[in-house]
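Peer 1: One structure coming up, written as structure tokens, with questions to follow.
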Amino acid sequence: MLNKTLLLPQGYSGNYRFSFSRQENHKNKNLSFSMNIRQGEIPQYKNPVVQLTRSNLQINHEKPDETLLGELISKSSEVLYPLELILTQTGYLDTVSNSGEIRSRWKKKKEKLSPEYDNEISVELIERIGKLYETPQKLLSGLKNDWFYSVFFLPIFQNYKENRYSFKYAFPVFPYGKIAYNLELKLVEKENGKIEIWVKGCLENDEKESLSGTYILNPDHSIHSAHLQFSFPLQEETIEIKIQEEDKKPDYKEVGFLYDLDKEQEEKEKSRNSPSFFLEERDLK
């Protein structure tokens, strides 16, 4: 098939393991966590809505609460979840639908944190995280500067002509800022019903700084895995991103299921009490 429109999956649910690895100056920095994602519908929104909860965070193979700063990071960022996102039909981030709830959670959390963490570094960190929660626009911008959200919500659901699609897309490569790559996607349909999307990209003014990788989609078009590798020869650096589906859950097809989940207090408390992470890469130690 030369031309194919790849449609966004409907009503899927899955657990994923994310890992980030950066190799520079013979040192390796790592970050990993688990993410549960459920897609459904909310009546007032035409586009798909997903709910995310994050857990089991490790920074350089250690739990964040093993240090005072890591403990503060975990407590400050746990209010982000559960997170509800409205997507475009291409699978890209469009809106944070529960930003008001997140701001309310943060206000209560900050009142508890401020007396406990009053040194200069902690105060600065609390204020920086708080700014991300101030408005839906700032929160969405912060998510787009996060490696997991940039990779998992890459807008791959497009009209592929001759099984190819090209576009420009920016990734959050700290400390250089967001870097725009010219991406070329090639779609390959497998006999088992899964779909592979081969990804290649380079900078417009420097083809040596490149990326390559593969997305594998399940037959229902939900993501089974994503693997991207970024190369920076001049800096002698590499970045590797892996997202792997851990198990397959039954589909959630009922309309308005996100509202139903909000009523499940036990599920929400479990999410909020688990370690979570929402910081830029510069906070990796």
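Peer 1: So what does the Cα-only Debye profile of segment 4-142 read at q = 0.09, 0.17, 0.19 Å⁻¹, as log10 I(q)/I(0), no solvent term?
Peer 2: -0.34, -1.08, -1.23
Peer 1: Moving on. Across segment 130-136, in residue order, what do the Karplus-derived ³J(HN,Hα) couplings come to in whole Hz, using 6.51 cos²θ - 1.76 cosθ + 1.60 with θ = phi - 60° and x for Gly and Pro?
Peer 2: Computed from phi, the couplings for segment 130-136 are x, 5, 5, 8, 4, 9, x Hz.
Peer 1: At 4 °C and 1.567 mPa s, grab the translational diffusion coefficient of segment 1-76 from Stokes-Einstein with a Kirkwood Rh over Cα pairs, rounded to a whole number in µm² per second.
Peer 2: Roughly 83 µm²/s, to the nearest whole number.
Peer 1: Follow-up. For the pair residue 88/residue 68, report the inter-label distance in nm, with labels modelled 7 Å from Cα in the Cβ direction.
Peer 2: 4.5 nm
Peer 1: Return a whole-number percent for the relative contact order of segment 1-144, with Cα pairs under 8 Å and 6 or more residues apart as the contact set.
Peer 2: Relative CO of segment 1-144 lands at 16 percent.
Peer 1: Follow-up. Which order, highest average first, do 89-96, 70-77 follow once you tally other Cβ atoms within 10 Å for each residue and take the mean per peptide?
Peer 2: For the peptides 89-96, 70-77, the packing ranking is 70-77, 89-96.
Peer 1: Next question. Please report how far the C-alpha centroid of segment 167-207 lies from that of segment 4-35, rounded to the nearest whole angstrom.
Peer 2: First find each Cα centre; the distance between them is then 14 Å.
Peer 1: Using a 7 Å offset from the Cα along the Cα-to-Cβ direction at both residue 120 and residue 108, what is the distance between the two label points in nm, to one decimal?
Peer 2: Here the modelled spin labels are 3.4 nm apart.
Peer 1: Still on this structure, please answer the following. For residue 234, what charge total do you get from the other residues with a beta carbon under 10 Å from its beta carbon, if Lys and Arg give +1 and Asp and Glu give -1?
Peer 2: Charge balance near residue 234 sits at -3.
Read the figures in this text as sums done on the coordinates, not as results from a lab. As the structure is a computational prediction, the values presented were derived from the model and not from experiment. Virtual Cβ from ideal backbone geometry, glycine too; neighbours counted across all protein chains shown.
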